[in-house]
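K.L.:
Attaching a single structure in structure tokens format; questions to follow.
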Amino acid sequence: MAKETRKRKADHIRISLNQNVQARTTTTGFEDIHFIHKALPEIDKHKIDLSTTVFNHKFAAPLIVGAITGGAPESTKINATIAEVVEELGLGMGVGSQRAAIEDKQLEKTFAIARKKAPTAFIIANVGGVQLVNGYSLKEVKKAVEMIDADAIAIHLNSLQEAVQPEGQTNFQGILEKIGKIAKELNKPVIAKETGAGIAAEEAKKLETVGVKGIDVSGAGGTSFAAVEFYRAKGRGNSFQRRLGDVFWDWGIPTAISIVEVSQTVNIPVIASGGIRDGVDMAKALAQGASLTSLSQPVLRAAVKGVKETKDTLSLLIEELRNSMFLVGAGSVQTLRETPLVITGKTAEWLRMRGFNIENYARKGRN
């Protein structure tokens, strides 16, 4: 089992780096989110404060490198590189699913390197929600947390990926109750995290009710795990699973929509992820109500090259965010969250049909 999990993790890295696994027809929806340019910003760009405190941790900028990897030998260098940079820049990071290391102690070092290289950064452990249904208990969750001395744990929800994966586990019955049990018994914040298909208001409310302390929406429009599984099935000559990956390639709730659905429904921090590719996307997500932003794919591509490339990638994102804030006159992350936005197109249509108030976004800051 551990060997199989390890191979799957290696496949995921290889395919993500060598194939185009981005959404084909579904977009993040950020193209429908518009800032109102401020011709009189009345602030000094160099004095903009990007810091924010979430989960009782101060971040130098509202940015986390999302869960990428772990559990395969090639993961060690990737996690070490990312950890070194987030430590230097005062950011956070999540590791990939720790299932492989829970099954095989020898793989723990592929994850533990993150804390070793980032002693003070905010680090998020990671286990699959479906594993809680299929035998994992508080014991395994604690093991994942202790392995990297994590500040929080993400319980990832990947029903789409499991549904199209040849070896997928698709019994999710009772998953909410299991997540609630962990949230009550663990002395660290539990973050519910989707994996590229988004979270809707109804699920967000249920998750908050059972004690989850944060929600990472991971919406559609970025990396598609159905696409990753399409390529895995193609490589194995499995035409049945390949067809499933192809049909469900663009399944999910676009990120910009999911941020509104969740942030207007719950009173816990929302992490915006899923196809965020630049600082303008980050700024839009924060103005929509997210507390933090997260991205994975661009950082994975930089991390396989080295520390300098990773630092350059993240520093540029932060500078793009700063520029966006300057152009809307937002001197702090809190002020950015009060900045007006105009929501148009399919995103506006969806949110109106679902009963969300989008006019309020456009009227913020007018008094």
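The values are calculated or read from the model by the stated rules, or taken from the named source; none is laboratory data. This structure is a prediction, so every number in the text was calculated from the model and none was measured. Here the Cβ positions follow ideal geometry from the backbone for every residue, glycine too, while neighbour counts run over all protein chains shown.
K.L.:
Of everything in the range 87-136 that's among the β-branched types (V, I, T), under 17 Å from the mean Cα position of the chain (by Cα) and closer than 26 Å to G168 by Cβ, which residue is surrounded by the fewest Cβ atoms within 10 Å (Cβ to Cβ)?
P.N.:
Only one residue fits best here, namely V127.
K.L.:
Let me ask something else. Are any of the residues in the range 296-308 farther than 27 Å from A80 by Cβ, modelled with pLDDT of 95 or more and aliphatic (A, V, I, L, M)?
P.N.:
No.
K.L.:
Which of the helices (runs of 4 or more DSSP H) found entirely inside the range 319-367 contain at least 3 residues meeting this: in contact with a helix residue (DSSP H, G or I) (Cβ under 7 Å, 6 or more places away or on another chain) and over 30 Å from A60 (Cβ atoms)?
P.N.:
345-353
K.L.:
List every residue pair whose Cβ atoms sit under 6 Å apart, with the two residues 6 or more apart in sequence or on different chains, where the first one lies in the range 337-354 and is without any contact (Cβ under 8 Å) to a residue 40 or more places away in the chain and the second, anywhere, is not hydrophobic (A, V, I, L, M, F, W, C).
P.N.:
Sorted first by the residue in the range 337-354, then by its partner, the pairs are E338/K364; E338/G365.
K.L.:
Something else now. Out of all the residues in the range 17-36, is one or more part of a helix (DSSP H, G or I) and touching an Asp or Glu at 6+ places or on another chain (Cβ under 8 Å)?
P.N.:
Restricting attention to the range 17-36, the residues satisfying the condition of being part of a helix (DSSP H, G or I) are 17-18, 30-32.
Still in the list and also touching an Asp or Glu at 6+ places or on another chain (Cβ under 8 Å): 30.
Yes, there is a match, as at least one residue in the range 17-36 is part of a helix (DSSP H, G or I) and touching an Asp or Glu at 6+ places or on another chain (Cβ under 8 Å).
K.L.:
A further question follows. Which is in contact (Cβ under 8 Å) with a residue 12 or more places away in the chain and surrounded by fewer than 17 Cβ atoms within 10 Å (Cβ to Cβ), of I13, I43, I36, I48?
P.N.:
When all the criteria are applied, what remains is I36.
K.L.:
Could you check the range 193-252 and list, in sequence order, the residues that are among the polar types (S, T, N, Q) and within 18 Å of A285 (Cα to Cα)? Even if it seems obvious, please write down each step before you answer.
P.N.:
Going residue by residue through the range 193-252, those that are among the polar types (S, T, N, Q) are 195, 209, 218, 223-224, 238-239, 241.
Once the filter is applied, which keeps residues that are among the polar types (S, T, N, Q) and within 18 Å of A285 (Cα to Cα), the range 193-252 yields T195, S218, T223.
K.L.:
Take V342 and tell me if it is surrounded by fewer than 17 Cβ atoms within 10 Å (Cβ to Cβ), over 19 Å from G66 (Cβ atoms) and among the β-branched types (V, I, T).
P.N.:
Working: surrounded by fewer than 17 Cβ atoms within 10 Å (Cβ to Cβ): yes; over 19 Å from G66 (Cβ atoms): yes; among the β-branched types (V, I, T): yes.
Yes, satisfied.
K.L.:
Pick out the one residue from I268, I276, I259, I253 that is crowded, with 16+ Cβ neighbours inside 10 Å and either over 15 Å from the mean Cα position of the chain (by Cα) or basic (K, R) (or both).
P.N.:
I268
K.L.:
Filter the range 107-162 down to residues that are basic (K, R) and touching a residue at least 40 places away in the same chain (Cβ under 8 Å) and give me whichever is nearest to T52 (Cα to Cα). Talk me through it step by step, then tell me what you get.
P.N.:
The first filter runs over the range 107-162 and keeps only residues basic (K, R), leaving 109, 115-117, 139, 142-143.
Narrowing the set further to residues that are touching a residue at least 40 places away in the same chain (Cβ under 8 Å) leaves 142-143.
On the way: K142: 27, K143: 29 Å.
Out of the qualifying residues, it is K142.
K.L.:
Quick one: count up the residues across the range 345-357 that are surrounded by fewer than 18 Cβ atoms within 10 Å (Cβ to Cβ) and within 22 Å of P269 (Cα to Cα). I'd like the intermediate steps shown before the answer.
P.N.:
Quick first cut of the range 345-357, residues surrounded by fewer than 18 Cβ atoms within 10 Å (Cβ to Cβ) only: 345-346, 349, 352-355, 357.
Next, from what is left, pick out any that are within 22 Å of P269 (Cα to Cα): 354-355, 357.
Summing the residues that are surrounded by fewer than 18 Cβ atoms within 10 Å (Cβ to Cβ) and within 22 Å of P269 (Cα to Cα) in the range 345-357 gives 3.
K.L.:
Taking the range 236-288 as the search range and keeping residues that are in a helix (DSSP H, G or I) and β-branched (V, I, T), which one is nearest to N357 (Cα to Cα)?
P.N.:
Of everything passing the filter in the range 236-288, V260 is nearest to N357 (Cα to Cα).
K.L.:
Considering the range 76-86 alone, what residues qualify as being under 19 Å from the mean Cα position of the chain (by Cα) and polar (S, T, N, Q)?
P.N.:
If the condition is that a residue be under 19 Å from the mean Cα position of the chain (by Cα) and polar (S, T, N, Q), then N79, T81 are the ones that fit.
K.L.:
What pairs can you find where one residue is in the range 62-85 and farther than 20 Å from R277 by Cα and surrounded by 24 or more Cβ atoms within 10 Å (Cβ to Cβ), the other is among the aromatic types (F, W, Y) and at pLDDT 85 or above, and their Cβ atoms are less than 6 Å apart, with a gap of 6+ or different chains?
P.N.:
Listed pairs, sorted by first residue: G70/F111.
K.L.:
Let me spell it out: the conditions are (1) polar (S, T, N, Q); (2) touching a strand residue (DSSP E or B) at 6+ places or on another chain (Cβ under 7 Å); (3) within 24 Å of V228 (Cβ to Cβ), and S332 meets all of them except one. Which number is the exception?
P.N.:
Result: S332 passes all but (3).
K.L.:
Then there is this: Among all residue pairs at least 6 apart or on different chains, which show Cβ distances below 8 Å where the first residue, located in the range 320-332, is free of Cβ contacts under 8 Å to residues at least 60 places away in the same chain and the second is among the β-branched types (V, I, T) and in a helix (DSSP H, G or I)?
P.N.:
E320/V280
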